[in-house]
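Below: one structure, written as structure tokens.
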Amino acid sequence: MQNSLTPTTQTNSRRNLLVEVAWEVCNQLGGIYTVIRSKAPTMMEKWGDDYCLIGTYLHKNVSAEFEPTDDLSGVYGQAVQRMREAGFEVHYGTWLVTGRPRVVLFNPFSIYNKLGALKYELWEHHDIASPEGDDLFSQVVAFGYLTKVFLQTLEHSPLAADCNILAHFHEWMAAMPIPDLRRQNTRMGLLFTTHATLLGRYVAMNDPFFYDRLSHINWYEEAQRFNVIAIAKTERAAAHGAHVFTTVSEVTAQECIHFLGRKPDVILPNGLNIERFTALHEFQVLHQRFKEQINQFVMGHFFQSYSFDLDNTLYFFTSGRFEYRNKGYDLTLEALARLNWKMKHAGIDTTVVMFFITKQPFRSINSQALHSRAVMEEIRQDCEAIVKQVGTKLFHTAAASQETKLPDLNEFVDDYWKLRLRRTIQSWKSQQLPSVVTHDLENSDHDEILQFLRKSNLVNHYDDRVKIVYHPDFIAPTNPLFAMEYGQFVRGCHLGVFPSYYEPWGYTPLECIASGVPTITSDLAGFGDYVEKAMPDHDDKGIYMIHRRDRGFYEAAEQMAEIMFDFVQLSRRDRIELRNRVERSSSDFDWQNLVTYYNKAYDVALERVGAKN
């Protein structure tokens, strides 16, 4: 793609202002939140007070990340003041992340009295008819209007008279102002980034031959089929209205050409603020510490029925939205079934516990799982009490005795504790197989993961070398089963598994790398495609590539099973060395390096609007 565009020379004497607009500013709703939040420190280093973000003031979690201010000095504060004087509700302050960037937040509901007129103008000027009863689209229309008013107020502010202004919009929910601003001949440079086309996500989810058919798909017919005409038209209008159109990967660029009718000018690969993950020489220690916490869950979940050697157990995981085909859950399950057979056939005594961490509707945590965990905690407390009692008596005996041999420790345990521990263990043990799912799903009979596990009989039998834990909720410290942060869970695992069929970028494998955890990705994911082109020796650095673009499903599943089979045969020393190589490669994905692509896009935008020096 056109990342080779020649940027303008950065010798402007005029001040450049940059405003980034995203629905997820101060709102942890999806992957774009991670993009904007992790990039903010690097943006502040370059732009400082000339940088501002615009987002929505809708969700209850905003107050935890947003700190309002009464200081309305400066170019952005003055624009806020003028909007407030005009009667608009505007929240202004800083985002409580590294760098503390300025943010302007709008409540779309505050102008719902104008909604009818705004929707009429959207149809009259841009042929976009708002769908009836779609509250999200209504919020987007209102938010777009408020954003447009702010940008126009900023553009005409006396403090911005000698400034070049860039407005960068992320995704269709933030991009509604672009067509109007372009129609009104704004002097601002407008950039639009689509992180995933809506049609691409819908069609790929329902078409196993998506990539083969892509060039022949009629965007309008598919938008009608999935009842998303208004959103598809909004995406197209934003793509064509922007001075610079961008996306996050070469994979998504092909969708843009066919669904949005414009080839992206610049590719903007996503990075992470790697410093946030860096633990210097401690990351091996952290892996061991958090693995021990996962061990506690595994003991509670499996050891009620049978046990295995935790010192010879590997933890694999996958995570993300529940998109069975798009996220590659179907391929992962097929590969795991093959891995289970390969390990049995080869007589390998290692155990693999595979975690599926996703989000599905559930009624409650499985009562058996909760009870097992609670009883195991009671066993732990009994053991700690016995250890304390034995330790005290052993010390007294050793100090007073003339003998040098170790006494019989059983004599130091009271009958009460012997009986209590025996009864607790007896009440805990069960003849049932450990459940493959930790929660009571609302639709368990039709859940695609459970259907595959039942069909393949991969249901945690004693002799299965691959065990399954399907956890249909995200991991958090408040979770009674894990009681740890998601990032801590990632560090405690041995391998991340993300062989996506449709993934415009894919942060989950990147988060693994930042934590020193080897990962599997695919050449159909934006991240995988980027790695394959930029890092020829990716396998040596613990980034394993599943080739799905030119292979059938079962061929890709076999390749993945072989990769995992080779991984389980690595020695402990080999795995440690591999984690070291993974951790060293993480700097390649730091925003300090990848932000250069954004700088190119901004230079091109300034050039195209004829920005003055």
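Output the residue which, of all residues in the range 47-74 that are part of a loop (DSSP other than H, G, I, E, B) and of a type in the set (A, V, I, L, M), is surrounded by the fewest Cβ atoms within 10 Å (Cβ to Cβ).
The first filter runs over the range 47-74 and keeps only residues part of a loop (DSSP other than H, G, I, E, B), leaving 57-61, 69-73.
Add one more test, that the residue is of a type in the set (A, V, I, L, M), and what stays is 58, 72.
Values: Leu58: 18, Leu72: 14.
Step by step, filter the range 47-74, then rank; the result is Leu72.
Only one of Gln81, Gln10 is among the polar types (S, T, N, Q) and modelled with pLDDT of 95 or more. Can you tell me which?
That would be Gln81, the only listed residue that is among the polar types (S, T, N, Q) and modelled with pLDDT of 95 or more.
Looking only at the range 455-498, residues that are touching a Lys or Arg at 6+ places or on another chain (Cβ under 9 Å) and of a type in the set (S, T, N, Q) come to 2 in all. Taking Cys52 as the residue in question, decide whether it is touching a helix residue (DSSP H, G or I) at 6+ places or on another chain (Cβ under 8 Å) and modelled with pLDDT under 95. When the stated conditions are applied, Cys52 does not pass them. Sort out which residues of the range 28-63 are small (Gly, Ala, Ser) and either touching a residue at least 12 places away in the same chain (Cβ under 8 Å) or farther than 25 Å from Arg84 by Cβ (or both), and write them in order of number. Selection gives Gly30, Gly31, Ser38, Ala40, Gly55. Please identify the pairs in which a residue from the range 192-210 that is assigned by TED's automatic domain parsing to the domain that holds Gly31 has its Cβ atom under 8 Å from the Cβ atom of a residue that is of a type in the set (Ser, Thr, Tyr) and assigned to a loop (DSSP other than H, G, I, E, B), counting only partners at least 6 apart or on another chain. Close Cβ pairs (under 8 Å, with a partner that is of a type in the set (Ser, Thr, Tyr) and assigned to a loop (DSSP other than H, G, I, E, B)) amount to Gly200/Tyr502; Arg201/Tyr502; Ala204/Tyr501; Ala204/Tyr502; Met205/Tyr502; Phe210/Tyr501; Phe210/Tyr502.
Is it fair to say Ser515 is in contact with a Gly (Cβ under 6 Å, 6 or more places away or on another chain), in contact (Cβ under 8 Å) with a residue 12 or more places away in the chain, more than 20 Å from Phe308 (Cα to Cα) and not assigned by TED's automatic domain parsing to the domain that holds Pro264?
So Ser515 does not fit the description; no.
Here is the figure for the range 79-109: residues that are outside any loop (DSSP other than H, G, I, E, B), in contact with a Pro (Cβ under 8 Å, 6 or more places away or on another chain) and surrounded by fewer than 20 Cβ atoms within 10 Å (Cβ to Cβ) total 3. Flag not set for Gly328, criterion: at pLDDT below 95 and outside the structural domain of His240 (by TED's automatic domain parsing). When Lys405, Lys418 are screened for being farther than 28 Å from Met299 by Cα and not acidic (Asp, Glu), only Lys405 passes.
Consider Trp219 carefully, then state whether it is surrounded by fewer than 22 Cβ atoms within 10 Å (Cβ to Cβ), hydrophobic (A, V, I, L, M, F, W, C) and modelled with pLDDT of 95 or more. Step through it out loud before you land on a result.
Values: surrounded by fewer than 22 Cβ atoms within 10 Å (Cβ to Cβ): yes; hydrophobic (A, V, I, L, M, F, W, C): yes; modelled with pLDDT of 95 or more: yes.
Criteria met by Trp219.
With respect to Gly552, is the statement that it is within 14 Å of the chain's Cα centre (by Cα) and free of Cβ contacts under 8 Å to residues at least 60 places away in the same chain true? It is false that Gly552 is within 14 Å of the chain's Cα centre (by Cα) and free of Cβ contacts under 8 Å to residues at least 60 places away in the same chain. The criterion of at least 2 residues that are hydroxyl-bearing (Ser, Thr, Tyr) and farther than 23 Å from Pro504 by Cβ is met, among helices (runs of 4 or more DSSP H) falling completely within the range 110-191, by 135-155.
Kindly state which helices (runs of 4 or more DSSP H) lie completely within the range 524-613 and contain at least 3 residues that are of a type outside the set (A, V, I, L, M, F, W, C) and surrounded by fewer than 20 Cβ atoms within 10 Å (Cβ to Cβ). Show your work before the answer.
Details: elements: 526-534, 553-568, 572-585, 591-608.
Because the criterion is at least 3 residues that are of a type outside the set (A, V, I, L, M, F, W, C) and surrounded by fewer than 20 Cβ atoms within 10 Å (Cβ to Cβ), the helices (runs of 4 or more DSSP H) in the range 524-613 that meet it are 553-568, 572-585, 591-608.
Can you list the helices (runs of 4 or more DSSP H) found entirely within the range 216-280 that contain at least 3 residues being basic (Lys, Arg)? Once the helices (runs of 4 or more DSSP H) in the range 216-280 are filtered for at least 3 residues that are basic (Lys, Arg), nothing remains.
Thr193: closer than 21 Å to Leu53 by Cβ, modelled with pLDDT of 90 or more, crowded, with 22+ Cβ neighbours inside 10 Å and polar (S, T, N, Q), yes or no?
Numbers: closer than 21 Å to Leu53 by Cβ: yes; modelled with pLDDT of 90 or more: yes; crowded, with 22+ Cβ neighbours inside 10 Å: yes; polar (S, T, N, Q): yes.
Here the answer is yes, as Thr193 does meet what is asked.
Would you check if there is a residue in the range 136-155 being assigned by TED's automatic domain parsing to the domain that holds Gln184, farther than 17 Å from Trp23 by Cβ and among the aromatic types (Phe, Trp, Tyr)? No, that holds for no residue. Being more than 18 Å from Met173 (Cβ to Cβ) and either polar (S, T, N, Q) or outside the structural domain of Ala142 (by TED's automatic domain parsing) (or both) is the filter here; which residues of the range 35-62 pass it? Listed by number, the residues that qualify are Ser38, Thr42. When restricted to residues that are touching a residue at least 60 places away in the same chain (Cβ under 8 Å), closer than 18 Å to Gly320 by Cα and not acidic (Asp, Glu), the range 433-481 contains 12. Going through (1) modelled with pLDDT of 85 or more; (2) surrounded by fewer than 11 Cβ atoms within 10 Å (Cβ to Cβ); (3) assigned to a helix (DSSP H, G or I) one by one, Met343 falls short only on (2). Scoring Phe395 on the criteria (1) in the same structural domain as Ala337 (by TED's automatic domain parsing); (2) part of a helix (DSSP H, G or I) leaves a single failure, condition (1). For the range 158-198, residues that are over 20 Å from Leu268 (Cβ atoms) and aliphatic (A, V, I, L, M) total 5.
Could you look through the range 13-27, keep only residues that are in a loop (DSSP other than H, G, I, E, B) and among the hydrophobic types (A, V, I, L, M, F, W, C), and pick out the one that is surrounded by the fewest Cβ atoms within 10 Å (Cβ to Cβ)?
From the range 13-27, those in a loop (DSSP other than H, G, I, E, B) are 13-14, 22-27; that's our starting set.
If we keep only those that are among the hydrophobic types (A, V, I, L, M, F, W, C) as well, we get 22-23, 25-26.
Values: Ala22: 26, Trp23: 24, Val25: 27, Cys26: 28.
Among those residues, the one meeting the criterion is Trp23.
When you check Val75 against the structure, is it farther than 20 Å from Ala237 by Cα, in contact (Cβ under 8 Å) with a residue 12 or more places away in the chain and within 30 Å of the chain's Cα centre (by Cα), yes or no? No; evaluated as a whole, the condition is false for this residue.
When the residues of the range 366-393 are narrowed to those that are aliphatic (A, V, I, L, M) and in contact (Cβ under 8 Å) with a residue 40 or more places away in the chain, which ends up surrounded by the fewest Cβ atoms within 10 Å (Cβ to Cβ)?
The residue in question is Leu370.
Tallying residues that are surrounded by fewer than 20 Cβ atoms within 10 Å (Cβ to Cβ) and either in a loop (DSSP other than H, G, I, E, B) or in contact with a strand residue (DSSP E or B) (Cβ under 6 Å, 6 or more places away or on another chain) (or both) within the range 28-42 yields 3.
Just to be sure, is Arg363 touching a strand residue (DSSP E or B) at 6+ places or on another chain (Cβ under 7 Å), charged (D, E, K, R) and surrounded by fewer than 19 Cβ atoms within 10 Å (Cβ to Cβ)? Criteria met by Arg363.
The values are calculated or read from the model by the stated rules, or taken from the named source; none is laboratory data. Bear in mind that the values here come from a model prediction, so they are computed numbers and not experimental data. Note: ideal-geometry Cβ built from the backbone for every residue, glycine included; neighbour counts use all protein chains shown.
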